[in-house]
Amino acid sequence: NFWANSLFILPQAESEFATPTIIKLIPILFSTLGAFAAYNVNLVAKRSIFALKTGLGNQLYRFLNKRWYFDKVSNDFLVGWLLRFGYEVSF
């Protein structure tokens with residue numbers, strides 16, 4: 001037998017046979033739930049897009065668009081603090 005001296009793997013170490021079926025079906029479950037959620041969010045967004053284009057949504061857009069550098073503010077205050085905290089905790 002040509003493969004007689006190949007690497008041997010114990011049958012107990014094979015994870016695809018030892019894992020319960022319900023665990024193997026979790027990706028399918030989450031994919032289905034994600035597709036369902038995306039479809040429903042799309043329906044809700046179609047109904048409420050008018051509210052974002054008028055009134056408060058328009059004011060919020062104008063506030064964050066050109067007057068404030070929102071990315072710079074969030075990076076300087078929030079992200080910088082989180083990175084320093086992660087560096088000090090993990091090292």
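Helices (runs of 4 or more DSSP H) fully within the chain that include at least 1 residues being under 23 Å from the mean Cα position of the chain (by Cα): 21-24, 26-53, 70-74, 80-90.
Taking first residues from the stretch 33-62 that are modelled with pLDDT of 75 or more and partners that are surrounded by 10 or more Cβ atoms within 10 Å (Cβ to Cβ) and in a helix (DSSP H, G or I), the Cβ contacts under 7 Å between residues at least 6 apart in sequence or on separate chains come to G57/A51.
Restricting the search to the stretch 77-91, which residues are modelled with pLDDT of 80 or more and of a type outside the set (K, R)?
Taking the stretch 77-91 and keeping what is modelled with pLDDT of 80 or more, we get 77-89.
Correct list: F77, L78, V79, G80, W81, L82, L83, F85, G86, Y87, E88, V89.
If we scan the stretch 65-73, do we find a residue that is at pLDDT 75 or above and either of a type in the set (G, A, S) or in contact with a strand residue (DSSP E or B) (Cβ under 6 Å, 6 or more places away or on another chain) (or both)? No, the stretch 65-73 contains no residue that is at pLDDT 75 or above and either of a type in the set (G, A, S) or in contact with a strand residue (DSSP E or B) (Cβ under 6 Å, 6 or more places away or on another chain) (or both).
The values are calculated or read from the model by the stated rules, or taken from the named source; none is laboratory data. Not measured: the values here are computed from a predicted model. Virtual Cβ from ideal backbone geometry, glycine too; neighbours counted across all protein chains shown.
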